[in-house]
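*Asks:* Questions regarding the structure given below will be posed in turn.
The values are calculated or read from the model by the stated rules, or taken from the named source; none is laboratory data. Just so it is clear, the structure is predicted and the values come from calculations on it, not from any experiment. Please note: Cβ atoms are built from the backbone with ideal geometry, for glycine as well, and neighbour counts cover all protein chains shown.
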There are 2 protein chains.
Amino acid sequence: MAPEIHRAMDAPLADGLLLTDLYQLAMLSAYAAHDMTEIAVFELFVRRLPPTRGFLMAAGLEQLVRFLETMRLSEDELAWLRGLGEFAPRFLDQLADLRFTGDLDAMPEGTVFFADEPILRVTAPLPQAQLIETRLINLVHFQTVIASKAARMVLAAPGRQLVDFGLRRAHGAEAGLLAARASYLAGFDGSATVLAHRAFGIPMFGTMAHAFVQAHESERTALERFARARPRALTLLIDTYDTERAAALVGRLAPRLAAEGITVAAVRIDSGDLGDHARRVRAILDDAGQRQIRIFASGGLDETSLKTLCETGAPIDGFGVGTSLATSADAPALDCAYKLQEYAGRARRKRSEGKATWPGPKQVWRRNSSEGRIAGDTVALLGEAASGEPLMRPAMRAGRRVGDFPTLGQARAHAARSLTRLPEPLRRLEPGEVQVVISRGIRDLADALDRAADSADAR
Amino acid sequence: MAPEIHRAMDAPLADGLLLTDLYQLAMLSAYAAHDMTEIAVFELFVRRLPPTRGFLMAAGLEQLVRFLETMRLSEDELAWLRGLGEFAPRFLDQLADLRFTGDLDAMPEGTVFFADEPILRVTAPLPQAQLIETRLINLVHFQTVIASKAARMVLAAPGRQLVDFGLRRAHGAEAGLLAARASYLAGFDGSATVLAHRAFGIPMFGTMAHAFVQAHESERTALERFARARPRALTLLIDTYDTERAAALVGRLAPRLAAEGITVAAVRIDSGDLGDHARRVRAILDDAGQRQIRIFASGGLDETSLKTLCETGAPIDGFGVGTSLATSADAPALDCAYKLQEYAGRARRKRSEGKATWPGPKQVWRRNSSEGRIAGDTVALLGEAASGEPLMRPAMRAGRRVGDFPTLGQARAHAARSLTRLPEPLRRLEPGEVQVVISRGIRDLADALDRAADSADAR
């Protein structure tokens, strides 16, 4: 594999169709040379769950649909591709006209799913279905990673306020913004990220930083000034020097601020043993007659520490979660794949060692127990008889989104319902699994394809 | 902490000053109310290395400098902020005029560093230095994470070609693009990401996907068609069905393609035991007289598997690394902090439990052994006497970049030199550490600040 030509340009960071792997363009040029434009079916699925995940939550469909609705090469991008001298002019002319005109079926955002289950299916002319692969995975994988992580935190801290603090350690701008979205979808209450409020209407939350306290000669002055500048939704940070001392200070300040019409809504603790400090701070505030001041905690939290704090009765009303959420630190990626299942009406199967795929266009069917919990899923061929509720639904037809596309709020409600339907061990983040059955039809098809391939080999 | 008002807008994904935490705006409004605009010094450092890292590599400075050079609120963003009704009009007018006019000192990109060492220092009026925090960390943290991971792979696979395949599982668009940059900086040979070539001039590489082979009725037809459509830098994927059978096919095809003027540069193996397959494929190609065809491997690789493959003599000439690189899967985040060290000429120290900072503006000095390896570092106060080479250098003065700012190529060369200077155990990715000494001056200053704070408490 020799390097391609090396020519720099001072282009801005940008989305668009050049945010793809070179091989997509190479393959499309070969398809163009042979007019291979028949209908292809690709599916996205996760081969194995990470060891620390009992379930996953689908997310990112909205951004994928937007990408597909608007994807096209700009004149500027085309000119740059022409200048590379790597691709035939006739192919680039075809690329200029390329739009997504296919169908998309997908699990709605917020749906809980498991290994081996397709979460979306693309049915489109082969070049379109191939070209979109890179960005499709990039968008859906990441939000699914984050929603799945956030859902664990939501289950770990029932009834507590959860706020995304992850922008700074998220992997770049888009990751920060979309982590705010995916975590809100999964049940978080909001995010500290201002742009997430603007872009998605996600409630935004804010406290104050240690630097603010440090920049003042006294902690008291700092807290008073912040309170007066920020009279609404006021949260005072109390761990810059000595948490309990600052809690006592807040206990004395709060009545005076109340006389000015300023309500101290909460204090924030960001270091040390959060449960221990919260108990002492609660006692200090209660003794000062400030029972209504809530305690908000942050600092290196994940679902395990959230669960421990909640189960041990720490008097903490809300949590800010940053790094572990926005990077899904224990499982920052999923073993997912977007694979060709059918082309020109014929089922296809990859047989690579350890990476063989189940062939054919499929649907996932979910059966529920009498208590409304997930009892088991079946993956079956499209058209094959199966019982339960079909999980993938039409999202786009002929390149346009179907009419009843859910809003973020509707997706969030669907996510909440999905979580209530998890088996109890999974809700408790304990080991457990939901059985996923691969249908007879799929197994028979795979066998038939393997036999046909083997007999072709023998010839 | 109550939610702020909830108002959605259909804004596009975008960078800009709204990609920040709400608390930055809240603090700035308080600073504005009290004209707190004196000079602040902030430093970015990593508190502790992840357990699986013996060193880190600084990256992301170029993107930070661009952000600081151009940062301003657009009219559109200002109008949106006004519409929130959260901030005083006078404050928003000040915010409209806010630019970065400060100084930035930083370790050049590609510099190796360790825990407790500031990698950059911002010296600017307090509101500016505070507001930039979120995006500063977001940009520098991520590329530093990726460069540090990539450097391990570079050390693990000496003399092998390394290509970034990570875009699809990177955390969003910007992460994919900047992972290509950070890994190239650290010594990778290039990336599969087309936009990385356009944006940064990073060499781009491409092979083909399994879907291309699957879409054809025969593997032979697929490989021939791809070869004819892509005669330059041709890499054929051979593991879609049976790796050795496809290798034999390539052995037969290559001479015929050569007769058409098409050179098969490499084959790619993406599944199974890569070392085992590579040996068998090498033998098959050699027997077919195709010794010049290189073997390229991919699929779930990280520095550990690279090291094993290289040390056991697997005949693999190059590697494509995706997920583990682009997400830094074993350590997707660093415990870094951007902390106030001085305000209005007075040193500042945060004393939070487990998160206390060393006060004052600092420099990092590196001493080298007689063989040119890193012997140890000293962190000292600016102006304090210390021996060695100072690692932080001027990057911006009065809001503009200094003239001799390195190109990406220069930074890459600096990174390569930095890696040669690592102590041998660290180069072998074995346990080991470089001693970082905190100077007497810093310790004395910290003690003095603590004594002053304690006596203020007593009053």
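*Asks:* Of all residues in region A:186-197, which are of a type outside the set (Val, Ile, Thr) and under 17 Å from B:ARG135 (Cα atoms)?
*Replies:* A:SER191, A:ALA192, A:LEU195, A:ALA196, A:HIS197
*Asks:* Scan the helices (runs of 4 or more DSSP H) fully inside region A:270-389 and keep the ones with 1 or more residues being surrounded by fewer than 21 Cβ atoms within 10 Å (Cβ to Cβ).
*Replies:* Values: elements: A:274-287, A:303-311, A:323-326.
Fully inside region A:270-389 and qualifying: A:274-287, A:303-311.
*Asks:* Residues to consider are B:ALA129, B:ALA88; find the one that is over 22 Å from B:ALA337 (Cα atoms) and either surrounded by fewer than 17 Cβ atoms within 10 Å (Cβ to Cβ) or touching a residue at least 12 places away in the same chain (Cβ under 8 Å) (or both).
*Replies:* Details: B:ALA129 fails: over 22 Å from B:ALA337 (Cα atoms).
On inspection, the qualifying residue turns out to be B:ALA88.
*Asks:* I'd like to know if region B:435-447 contains one or more residues that are under 30 Å from B:PRO203 (Cα atoms) and at pLDDT 95 or above.
*Replies:* Here is the first cut: in region B:435-447, the ones under 30 Å from B:PRO203 (Cα atoms) are none.
Looking for residues that are under 30 Å from B:PRO203 (Cα atoms) and at pLDDT 95 or above, one finds none in region B:435-447, hence no.
Listed here are the residues, each with its yes/no results for (1) without any contact (Cβ under 8 Å) to a residue 60 or more places away in the chain; (2) in the same structural domain as A:ARG48 (by TED's automatic domain parsing); (3) in contact with a strand residue (DSSP E or B) (Cβ under 6 Å, 6 or more places away or on another chain).
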residue: A:ASP273; (1), (2), (3): yes, no, no
residue: A:ILE293; (1), (2), (3): yes, no, yes
residue: A:GLY299; (1), (2), (3): yes, no, no
residue: A:GLU303; (1), (2), (3): no, no, no
residue: A:ASP317; (1), (2), (3): no, no, yes
residue: A:GLY322; (1), (2), (3): no, no, no
residue: A:TYR338; (1), (2), (3): no, yes, yes
residue: A:ARG346; (1), (2), (3): yes, yes, no
residue: A:LYS355; (1), (2), (3): no, yes, no
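*Asks:* Just the residues that are touching a residue at least 24 places away in the same chain (Cβ under 8 Å) and either at the interface with chain A (Cβ under 8 Å from one of its Cβ atoms) or out of contact with any Ser or Thr (no Cβ under 9 Å at 6 or more places or on another chain) (or both), please, taken from region B:32-46.
*Replies:* So the first thing to find is which residues in region B:32-46 are touching a residue at least 24 places away in the same chain (Cβ under 8 Å), and the list is B:32-33, B:36-46.
Of everything in region B:32-46, those that are touching a residue at least 24 places away in the same chain (Cβ under 8 Å) and either at the interface with chain A (Cβ under 8 Å from one of its Cβ atoms) or out of contact with any Ser or Thr (no Cβ under 9 Å at 6 or more places or on another chain) (or both) turn out to be B:ALA32, B:ALA33, B:MET36, B:THR37, B:GLU38, B:ALA40, B:PHE42, B:LEU44.
*Asks:* Let me confirm something: among A:PHE42, A:PHE87, which residue is under 29 Å from the mean Cα position of the chain (by Cα) and aromatic (Phe, Trp, Tyr)? First the steps, then the outcome.
*Replies:* Values: A:PHE87 fails: under 29 Å from the mean Cα position of the chain (by Cα).
Exactly one residue qualifies, and that residue is A:PHE42.
*Asks:* Follow-up. Got a sec? Which of A:ASP286, A:ASP335 is of a type in the set (Asp, Glu) and within 24 Å of A:GLY159 (Cβ to Cβ)? Write out each step before concluding.
*Replies:* On the way: A:ASP335 fails: within 24 Å of A:GLY159 (Cβ to Cβ).
Only one candidate passes the filter, namely A:ASP286.
*Asks:* Identify, from the list B:PRO3, B:PRO50, the residue that is part of a loop (DSSP other than H, G, I, E, B) and modelled with pLDDT of 95 or more.
*Replies:* Details: B:PRO3 fails: modelled with pLDDT of 95 or more.
The match here is B:PRO50.
*Asks:* I would also like to ask the following. I need the full set of residues from region A:207-226 which are more than 9 Å from chain B (Cβ to nearest Cβ) and crowded, with 22+ Cβ neighbours inside 10 Å, in order please.
*Replies:* Passing the criteria: A:GLU219, A:LEU223.
*Asks:* Against the condition surrounded by fewer than 18 Cβ atoms within 10 Å (Cβ to Cβ), part of a helix (DSSP H, G or I), under 26 Å from the mean Cα position of the chain (by Cα) and not aliphatic (A, V, I, L, M), how does A:ARG66 come out, does it pass? Steps first, answer last, please.
*Replies:* Details: surrounded by fewer than 18 Cβ atoms within 10 Å (Cβ to Cβ): yes; part of a helix (DSSP H, G or I): yes; under 26 Å from the mean Cα position of the chain (by Cα): yes; not aliphatic (A, V, I, L, M): yes.
Yes, satisfied.
*Asks:* Same structure, new question: Can you find a residue that is touching a residue at least 12 places away in the same chain (Cβ under 8 Å) and within 24 Å of A:ARG48 (Cα to Cα) anywhere in region B:275-290? Walk me through how you get there before you give the answer.
*Replies:* Of region B:275-290, the ones touching a residue at least 12 places away in the same chain (Cβ under 8 Å) are B:275, B:277-282, B:284-285, B:287-290.
Okay, now just the ones that are also within 24 Å of A:ARG48 (Cα to Cα), so B:275, B:277.
Yes, region B:275-290 has at least one match.
*Asks:* Check whether at least one residue in region A:169-183 is in contact with a strand residue (DSSP E or B) (Cβ under 7 Å, 6 or more places away or on another chain), more than 11 Å from every other protein chain (Cβ to nearest Cβ) and under 21 Å from B:ASP21 (Cβ atoms), and report yes or no. Step through it out loud before you land on a result.
*Replies:* At the first step, the residues of region A:169-183 found to be in contact with a strand residue (DSSP E or B) (Cβ under 7 Å, 6 or more places away or on another chain) are A:176-177, A:179-180, A:183.
With the extra rule that they be more than 11 Å from every other protein chain (Cβ to nearest Cβ), the set shrinks to A:183.
Retained after the next criterion (residues that are under 21 Å from B:ASP21 (Cβ atoms)): A:183.
So far as region A:169-183 goes, yes, one or more of its residues are in contact with a strand residue (DSSP E or B) (Cβ under 7 Å, 6 or more places away or on another chain), more than 11 Å from every other protein chain (Cβ to nearest Cβ) and under 21 Å from B:ASP21 (Cβ atoms).
*Asks:* A further question on this structure: List the helices (runs of 4 or more DSSP H) that sit entirely inside region A:399-459 and contain at least 3 residues that are touching a residue at least 24 places away in the same chain (Cβ under 8 Å) and over 22 Å from A:ALA182 (Cβ atoms).
*Replies:* Working: elements: A:408-420, A:424-427, A:440-458.
Here the list reads A:440-458.
*Asks:* Can you find a residue in region B:88-105 that is within 30 Å of B:ALA180 (Cα to Cα), at pLDDT below 95 and more than 14 Å from chain A (Cβ to nearest Cβ)?
*Replies:* Taking region B:88-105 first, the residues within 30 Å of B:ALA180 (Cα to Cα) are B:99-100, B:102-105.
Remaining after also requiring at pLDDT below 95: none.
There is no residue in region B:88-105 that is within 30 Å of B:ALA180 (Cα to Cα), at pLDDT below 95 and more than 14 Å from chain A (Cβ to nearest Cβ).
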